[in-house]
Amino acid sequence: MKNFFLIILLSLAPLSVLSEVGDLYYCEMTQAVEIKEGKLINYIPQKFKFRIIKSDLIEFGQEANYFSGLELKVLEFASNGEEFYGENFEYSYGSFYFADVFRRPSAGINKLTATMLSAECAVVDDYSV
């Protein structure tokens, strides 16, 4: 009978997800483009890191790159532990995608700018990067 209750208890407990608070991701962009003032700009891909700092927040490292010091809110973690997303980004099985549209002042006029990028990422130990 004890074993029966133990099996029931273990089956009700959530399985450990692969993405956890504290995980550090090291990423290398595969594509980075911006549409600015009607022109398509291809950027040299950068490397960046981010960490899951809360169950609903990721924070990027302070290194000089597009995401330097940025925090993004996580809206949902998939139950498989390999996917999570926010308003303007998605992480899925090692691939990171980001897209954003914002106003950037240019010659005294606010113009819309669109940025899109993709990256391949891996969870790493803190001491390895």
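The values are calculated or read from the model by the stated rules, or taken from the named source; none is laboratory data. Since the structure is predicted, the reported quantities are computational estimates derived from the model, not experimental observations. Every residue, glycine as well, gets a Cβ built from its backbone with ideal geometry; the counts of neighbours run over all protein chains shown.
Pairs under 8 Å by beta carbon, first residue farther than 19 Å from Asp125 by Cα and free of Cβ contacts under 8 Å to residues at least 40 places away in the same chain in region 50-69, partner surrounded by 15 or more Cβ atoms within 10 Å (Cβ to Cβ) and of a type in the set (S, T, N, Q), six or more apart or different chains?
Short answer, once both residue conditions are applied: Asn65/Gln46.
Quick check on region 26-35. Is at least one of its residues part of a loop (DSSP other than H, G, I, E, B) and in contact with a Lys or Arg (Cβ under 9 Å, 6 or more places away or on another chain)?
Checked against the condition, which is being part of a loop (DSSP other than H, G, I, E, B) and in contact with a Lys or Arg (Cβ under 9 Å, 6 or more places away or on another chain), region 26-35 yields no hits at all.
Looking at region 74-91, which of its residues are among the polar types (S, T, N, Q) and either touching a residue at least 60 places away in the same chain (Cβ under 8 Å) or within 15 Å of Ile52 (Cβ to Cβ) (or both)?
Once the filter is applied, which keeps residues that are among the polar types (S, T, N, Q) and either touching a residue at least 60 places away in the same chain (Cβ under 8 Å) or within 15 Å of Ile52 (Cβ to Cβ) (or both), region 74-91 yields Ser79, Asn80.
Take Tyr91 and decide whether it is at pLDDT 95 or above and among the aromatic types (Phe, Trp, Tyr). Spell out the reasoning first.
Numbers: at pLDDT 95 or above: yes; among the aromatic types (Phe, Trp, Tyr): yes.
So Tyr91 passes the test.
Quick check on this structure: which one of Phe96, Phe102, Phe77 is closer than 22 Å to Asp125 by Cα and modelled with pLDDT under 95?
Phe77
When you go through Ser19, Ser11 one by one, which is the residue that is at pLDDT below 90, more than 24 Å from Lys111 (Cα to Cα), of a type outside the set (Val, Ile, Thr) and part of a loop (DSSP other than H, G, I, E, B)? Step through it out loud before you land on a result.
Working: Ser11 fails: part of a loop (DSSP other than H, G, I, E, B).
So the residue among Ser19, Ser11 that is at pLDDT below 90, more than 24 Å from Lys111 (Cα to Cα), of a type outside the set (Val, Ile, Thr) and part of a loop (DSSP other than H, G, I, E, B) is Ser19.
Taking Val123 as the residue in question, decide whether it is part of a strand (DSSP E or B), at pLDDT below 95 and either out of contact with any strand residue (DSSP E or B) (no Cβ under 7 Å at 6 or more places or on another chain) or over 16 Å from Lys36 (Cα atoms) (or both).
Against the criterion (part of a strand (DSSP E or B), at pLDDT below 95 and either out of contact with any strand residue (DSSP E or B) (no Cβ under 7 Å at 6 or more places or on another chain) or over 16 Å from Lys36 (Cα atoms) (or both)), Val123 qualifies.
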